[in-house]
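Down below is the structure, laid out as structure tokens.
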Amino acid sequence: MRIREVRAADHGRLQEIERAAGQCFREVGLPEIADDEPFTDAELDRYRRAGLAWAAVDGADVPVAYLLAEPVDDALHVEQVSVHPDHAHRRIGRALLDHAAGHAAARGMPALTLTTFAEVPWNAPYYGRCGFRTMAEEQLGPELRALVRREADLGLDLRPRVCMRRPV
């Protein structure tokens, strides 16, 4: 699986991936997450133009997964990572996380961070297997605290959530 920068022409496919990947949240009683709209073209374009959007592509150069990131406090924050269910369980998400970690390291950032559901199996437990560790409240920087508040305002606090950090 090759990882490359997202192109503007990929936006529609990334939205399809996010919708398809989100459907598994129905299985754990979170239909609100499954029904959440994907990033808009303008939002995706902001990450793309910043050079912080990567796609894992198949042999025909069609995205099957993607990751969006942004600098938050001293780290590169993983805003979104989604893998199309047809390509799940192939370590593609982990490859995207490793790619983001390499990007962070090359820019002198010491870590990746993310926020996620604590008890959803493919969220915090999965990220733990990828080297992330749950952060204590006092470890959160001001920008990450603000991001957590924004997520709560958007209704993402339906279940317990955690902030996680992975050294690069």
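Is it the case that some residue within region 30-44 is over 25 Å from ALA118 (Cα atoms) and either at pLDDT below 95 or open to solvent by less than 30 Å² (accessible area, probe 1.4 Å) (or both)? Yes; the residues of region 30-44 include at least one that is over 25 Å from ALA118 (Cα atoms) and either at pLDDT below 95 or open to solvent by less than 30 Å² (accessible area, probe 1.4 Å) (or both).
Residue-by-condition table, conditions (1) farther than 17 Å from TRP122 by Cα; (2) outside any strand (DSSP E or B); (3) within 15 Å of the chain's Cα centre (by Cα):
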site: ARG26; (1), (2), (3): no, yes, no
site: ILE33; (1), (2), (3): no, yes, yes
site: PHE39; (1), (2), (3): yes, yes, yes
site: ALA42; (1), (2), (3): yes, yes, no
site: ASP45; (1), (2), (3): yes, yes, no
site: ALA60; (1), (2), (3): yes, yes, no
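Please identify the pairs in which a residue from region 40-62 that is at negative phi has its Cβ atom under 6 Å from the Cβ atom of a residue that is crowded, with 19+ Cβ neighbours inside 10 Å and part of a loop (DSSP other than H, G, I, E, B), counting only partners at least 6 apart or on another chain. Hits for this filter: ARG48/VAL6; ALA53/VAL6; ALA55/VAL6. If you go through region 102-114 one residue at a time, do you hit one that is out of contact with any His (no Cβ under 8 Å at 6 or more places or on another chain), more than 22 Å from ASP58 (Cβ to Cβ) and of a type in the set (Ser, Thr, Tyr)? No, because not a single residue in region 102-114 is out of contact with any His (no Cβ under 8 Å at 6 or more places or on another chain), more than 22 Å from ASP58 (Cβ to Cβ) and of a type in the set (Ser, Thr, Tyr). Looking across region 110-168, the residues that are open to solvent by less than 40 Å² (accessible area, probe 1.4 Å) and in a loop (DSSP other than H, G, I, E, B) come down to ALA118, VAL120, ASN123, CYS130, GLY131, PHE132, MET135, ALA136, LEU140, GLY141, GLY155.
The values are calculated or read from the model by the stated rules, or taken from the named source; none is laboratory data. No experiment lies behind these values; they were computed from the predicted model shown. Virtual Cβ from ideal backbone geometry, glycine too; neighbours counted across all protein chains shown. What goes into the accessible areas is simple: the full protein's heavy atoms, side chains included, and nothing from ligands, DNA or RNA. Shrake-Rupley method; radii C 1.70, N 1.55, O 1.52, S 1.80 Å.
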